[in-house]
Every structure is written in C-alpha cells, then in structure tokens.
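No lab work stands behind these numbers, since they all come straight from the coordinates. Not measured: the values here are computed from a predicted model. Cβ coordinates were reconstructed from backbone atoms using ideal geometry, including for glycine residues, and neighbour counts include every protein chain displayed.
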Amino acid sequence: MHAVHNPQSSLLEYTSMLLDHNHEVSRQYVSNFFRSIRWSFKQPINTLMYKYTQDNIRYYGHFLAWINTVDPQTIRFFDESKFISKSMHRTQCIRPVGQGTHMRRTDGLSKSYSLLLTTNTRDQSNPLFIDLIESTVDQYTILGYTTAAVQAGIFQKGDFFILDNAKIHSGLDTFPTILRILESVGVTIV
C-alpha cells in the first residue's frame, strides 16, 4: 500500500494517485476509507539518523569525564540552531490509530534562520552572547561569530570554549584562525 511507504502524502495526493490509476474516488471517500481501517493523520517524530554514531557517543563519554574536572565559571558553551519554516515540510502523515510515527530525515534546506549562542556563566547580567542570521551557518559564520564574541569580551584567560563536533565548527579554511584568535586571549577550544 502506498500509505505504508509514503506516509506523508496528503489526502489530495492519495486521491489523485487513485484517480491516475482509473479509480473514481473523492477526497471524502479516501478519508472515510482510512477511518474505516482505523488509520489517522498525526504528527511524526523526526529522527536525525546521523547524530547517534558510535564515534559521537564515545566522544560524549570522554567529554563527560573531562568536564567534571573543570571550574564551571570557565566554561563557555557554543552551539547553533536552525529554525525551519513549517511550510517546508509536511506536518502530518497517516498511520494506524494508536501507532506512533517516526520519520527519518536526511534532507537539506537551501534557506533557513540560524541562532548562534555562547553561554557566559561569569556575567549574570549578560549570560548569553547571541547572533540571529537569515542563512545557514558555515565555517565562515563561525569565524565571524567567534571574532565578535572575543571583541565583546565574552572570554577571559583560562576559559574553555566548548563546541560540539559538527564539521562546520572546525572548517579547514577557518579553524586555524579561530584557534589563533582564541589562544591570543588565553582560551582553550574543546
């Protein structure tokens, strides 16, 4: 059945597919059919397939052992987050009633909003250094953001700048410059 392999098709698409195969059906007929076999549209839980690799889990274990040895006031966590328009992805899929739905996503986007953020536990009046941009983050964005954070005084000598192991955080063209900038103010990148 098409719905099993393509659960994010809409009622209109299921109806069109049946019409294309010479089945005279209406959208309401297709809706009633799914209801009669106890299937309903629901929000899927999307699973990022490349996040939980053995290397990432091993790296995380080493990180947890290390971070327990460091003064929390010297830690600056950095990460970025992509905000994606809901209209770019289907928000429902069809499955049997009572059955959870997980969708595996490997697609990319050509445009998005991104938030870059570093924590600053030393300065309670300014605990976050934030930049919001209307594009996808790349290694050059990380370089510009890191330079701006240094210029804004977010770092002090002895701080640790913690990045996850996303490839854009250590781009070949910019990572040596980021290291030099951070080392010049006494910051260690983790």
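Listed values, structure above:
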item	result
Farthest toward positive dipole pole in the range 38-189 [+1 Lys/Arg, -1 Asp/Glu at C-beta], among 94, 133, 115	94
Neighbourhood net charge (15 Å Cβ-Cβ; Lys/Arg +1, Asp/Glu -1) for residue 164	+2
Charge dipole of the chain about the Cα centre (unit charges at C-beta), most positive-ward option of 68, 148, 43	43
The chain: relative contact order in percent, alpha carbon pairs under 8 Å with at least 6 residues between	21
Size descriptor, Kirkwood hydrodynamic radius, that averages inverse alpha-carbon separations across the chain, Å	20.4
Cα-projected label distance for residue 180 with residue 60, points at 7 Å along beta-carbon direction, nm	3.5
Assigned charges on the beta-carbon of Lys, Arg, Asp, Glu; the range 38-189 dipole about Cα centre (debye)	940
Net charge, residue 20 excluded, C-beta distance under 15 Å - Lys, Arg +1, Asp, Glu -1	-1
